[in-house]
Amino acid sequence: MDLKNGTITIGQLAKNPKAIELLNQYGKDLIHHPMAIVVKGWTVNQAIAFARKHGAREEQIQTVLRQLESI
């Protein structure tokens, strides 16, 4: 999947069933969470910044990015 240098939005990712399946491995029904409506307009880069701010490990972030890119 082309992440467009991190500028693809979460909403665009949510249109790909394989991306949803992958993201749900990290959080059950993550894309369908009630707060998902707020983040669907965020870019991947914005979501990464948020994740870093809230303690996500860099190794895990890079793993998810590589997995998304391989879709």
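Of note:
Let's see how each residue does on (1) basic (Lys, Arg); (2) over 12 Å from the mean Cα position of the chain (by Cα); (3) modelled with pLDDT under 95; (4) part of a helix (DSSP H, G or I):
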residue: Asp2; (1), (2), (3), (4): no, yes, no, no
residue: Asn5; (1), (2), (3), (4): no, yes, no, yes
residue: Tyr26; (1), (2), (3), (4): no, no, yes, no
residue: Ile31; (1), (2), (3), (4): no, no, yes, yes
residue: Ala47; (1), (2), (3), (4): no, no, yes, yes
residue: Gln62; (1), (2), (3), (4): no, no, no, yes
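- Hits in region 4-19 - residues which are surrounded by 15 or more Cβ atoms within 10 Å (Cβ to Cβ) and under 9 Å from Thr43 (Cβ atoms): Ile8, Thr9, Ile10
- Within region 33-45, the set of residues being within 22 Å of Asp2 (Cβ to Cβ), out of contact with any Leu (no Cβ under 8 Å at 6 or more places or on another chain) and in a helix (DSSP H, G or I) comprises Val39, Asn45.
- Sole exception among (1) more than 19 Å from Asn16 (Cα to Cα); (2) surrounded by fewer than 12 Cβ atoms within 10 Å (Cβ to Cβ); (3) among the basic types (Lys, Arg) for Arg66, by number: (1)
- Residue within region 30-37 that is surrounded by 12 or more Cβ atoms within 10 Å (Cβ to Cβ) and in contact (Cβ under 8 Å) with a residue 40 or more places away in the chain present: no
- Subset of region 13-23 (residues that are in a helix (DSSP H, G or I) and over 10 Å from the mean Cα position of the chain (by Cα)): Pro17, Lys18, Glu21
The values are calculated or read from the model by the stated rules, or taken from the named source; none is laboratory data. Owing to the predicted nature of the structure, the values given are computational and were not obtained by experimental measurement. Glycine gets a Cβ as well: all are built from the backbone with ideal geometry, and neighbour counts include every protein chain shown.
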